[in-house]
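A.B. asks: Before anything else, here's the structure in question.
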């Protein structure tokens, strides 16, 4: 059964084959969705175009989400070449590496503004630009992480940005609810992506999660993709303003359990 047959989706955040957004795109394609993509910069263009070809084709559009003009151009091109959207996947985040190290109080003013703008405000700006091109009943989802609501050492500024993103999800869900449009977050467990490797201690984090999580494993980009299919499908038509955890249950743990201690 293909849960997304006939639905049009916009995927953001594909950087390479290990990206969480890539896992989401693959799973949505398997369930019948028509896909379109945005990218920023020549460095990732070839990879995004290659993925698009593998997954049935679809528009691949360069877009700087920090530019209102670029977002308007994106909307115009999608409306012309792709049609109205049923699904939008926001998988965009940024913090300068220097602001992910040391103490939070050392965060630069410019680094804070830039990170919050790209990681959180971009969702608001994207929805604003696309709102007339969204079908009633559409599904919007954004990728977040446990560091938004709990202390994750070395996640620092990105945790603050994800907290702003999660608040934005709730308020957008309220504003768009009258059109039946749902807005949710997917809080994925740690995955060894290119961006995640910027967080100091990522390897140890993966080891501790797999040892302590109820399911005793880490999650994959395909795990996240399958949850995204559910949120994009009519199975979740009554689900909005929610943060959906895909982390093998780690978020529910109150203390790290070391199996070696018995």
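The values are calculated or read from the model by the stated rules, or taken from the named source; none is laboratory data. From a predicted model like this one, the values you see are computed outputs, not experimental measurements. Cβ coordinates were reconstructed from backbone atoms using ideal geometry, including for glycine residues, and neighbour counts include every protein chain displayed.
A.B. asks: Determine whether the range 49-69 contains at least one residue that is surrounded by 16 or more Cβ atoms within 10 Å (Cβ to Cβ), under 17 Å from the mean Cα position of the chain (by Cα) and closer than 21 Å to residue 221 by Cα.
C.D. replies: no
A.B. asks: State all residues of the range 206-222 that are over 13 Å from the mean Cα position of the chain (by Cα), closer than 30 Å to residue 87 by Cβ and part of a helix (DSSP H, G or I); if no residue qualifies, say none. Can you show your working first?
C.D. replies: First, pick out the residues of the range 206-222 that are over 13 Å from the mean Cα position of the chain (by Cα): 206-220, 222.
Then drop every residue that is not closer than 30 Å to residue 87 by Cβ, which leaves 206, 209, 213-215, 217-220, 222.
206, 209, 222, listed by residue number.
Results for (1) within 20 Å of residue 77 (Cβ to Cβ); (2) more than 18 Å from the chain's Cα centre (by Cα), shown as yes or no for each residue.
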{"residue": "11", "(1), (2)": "yes, no"}
{"residue": "20", "(1), (2)": "no, no"}
{"residue": "31", "(1), (2)": "no, yes"}
{"residue": "36", "(1), (2)": "yes, no"}
{"residue": "39", "(1), (2)": "yes, no"}
{"residue": "43", "(1), (2)": "no, yes"}
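A.B. asks: Identify all residues within the range 31-56 that are in contact with a helix residue (DSSP H, G or I) (Cβ under 8 Å, 6 or more places away or on another chain) and either in contact (Cβ under 8 Å) with a residue 40 or more places away in the chain or under 15 Å from residue 85 (Cα atoms) (or both); write none if there are none. Please lay out each step first, then the result.
C.D. replies: Step one: of the range 31-56, the residues in contact with a helix residue (DSSP H, G or I) (Cβ under 8 Å, 6 or more places away or on another chain) are 31, 33, 35-39, 51, 55-56.
If the condition is that a residue be in contact with a helix residue (DSSP H, G or I) (Cβ under 8 Å, 6 or more places away or on another chain) and either in contact (Cβ under 8 Å) with a residue 40 or more places away in the chain or under 15 Å from residue 85 (Cα atoms) (or both), then 31, 33, 35, 36, 37, 38 are the ones that fit.
A.B. asks: Can you tell me which residue among 154, 128, 184 is modelled with pLDDT of 95 or more and outside any helix (DSSP H, G or I)?
C.D. replies: Values: 154 fails: modelled with pLDDT of 95 or more; 128 fails: outside any helix (DSSP H, G or I).
Every option except 184 fails the conditions.
A.B. asks: Ok, one more. For residue 65, which of the numbered conditions (1) over 23 Å from residue 226 (Cα atoms); (2) out of contact with any helix residue (DSSP H, G or I) (no Cβ under 7 Å at 6 or more places or on another chain) fails to hold?
C.D. replies: In the conditions (1) over 23 Å from residue 226 (Cα atoms); (2) out of contact with any helix residue (DSSP H, G or I) (no Cβ under 7 Å at 6 or more places or on another chain), residue 65 misses (2) alone.
A.B. asks: Given the options 206, 143, 165, 130, name the one that is surrounded by 16 or more Cβ atoms within 10 Å (Cβ to Cβ) and farther than 23 Å from residue 39 by Cα. First the steps, then the outcome.
C.D. replies: Numbers: 143 fails: farther than 23 Å from residue 39 by Cα; 165 fails: farther than 23 Å from residue 39 by Cα; 130 fails: farther than 23 Å from residue 39 by Cα.
Every option except 206 fails the conditions.
A.B. asks: For the range 102-125, how many residues are over 30 Å from residue 235 (Cα atoms), part of a helix (DSSP H, G or I) and either free of Cβ contacts under 8 Å to residues at least 24 places away in the same chain or in contact with a strand residue (DSSP E or B) (Cβ under 7 Å, 6 or more places away or on another chain) (or both)? Steps first, please.
C.D. replies: First pass over the range 102-125, keeping only residues over 30 Å from residue 235 (Cα atoms): 102-118.
Now drop any that are not part of a helix (DSSP H, G or I), which leaves 104-106, 109-118.
When the remaining residues are screened for being either free of Cβ contacts under 8 Å to residues at least 24 places away in the same chain or in contact with a strand residue (DSSP E or B) (Cβ under 7 Å, 6 or more places away or on another chain) (or both), the result is 105-106, 109-110, 113-114.
Looking only at that region, the number is 6.
A.B. asks: Quickly run through the range 57-85 and pick out the residues that are without any contact (Cβ under 8 Å) to a residue 24 or more places away in the chain and outside any helix (DSSP H, G or I).
C.D. replies: We begin by selecting, within the range 57-85, every residue without any contact (Cβ under 8 Å) to a residue 24 or more places away in the chain; these are 57, 59, 67, 69-70, 73, 76-77, 80-81.
Within the range 57-85, 57, 59, 67 qualify.
A.B. asks: Which one is surrounded by the fewest Cβ atoms within 10 Å (Cβ to Cβ) among residues in the range 86-101 that are out of contact with any helix residue (DSSP H, G or I) (no Cβ under 6 Å at 6 or more places or on another chain) and touching a residue at least 24 places away in the same chain (Cβ under 8 Å)?
C.D. replies: Residue satisfying both the conditions and the ranking: 101.
Residues are listed down the side, and each one gets a yes or a no for (1) buried (at least 16 other Cβ atoms within 10 Å of the Cβ); (2) at pLDDT 95 or above; (3) farther than 16 Å from residue 142 by Cβ:
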position	(1), (2), (3)
196	yes, no, yes
218	yes, yes, yes
232	yes, yes, no
246	yes, yes, no
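A.B. asks: Do we find a residue being under 27 Å from residue 252 (Cβ atoms) and in a strand (DSSP E or B) anywhere in the range 86-101?
C.D. replies: Yes, the range 86-101 has at least one match.
A.B. asks: Oh, and also: Among the residues of the range 146-162, write down those that are surrounded by 16 or more Cβ atoms within 10 Å (Cβ to Cβ) and closer than 16 Å to residue 188 by Cα.
C.D. replies: At the first step, the residues of the range 146-162 found to be surrounded by 16 or more Cβ atoms within 10 Å (Cβ to Cβ) are 146-148, 152, 154-162.
146, 147, 148, 152, 155, 158, 159, 161, 162 - these are the residues of the range 146-162 that are surrounded by 16 or more Cβ atoms within 10 Å (Cβ to Cβ) and closer than 16 Å to residue 188 by Cα.
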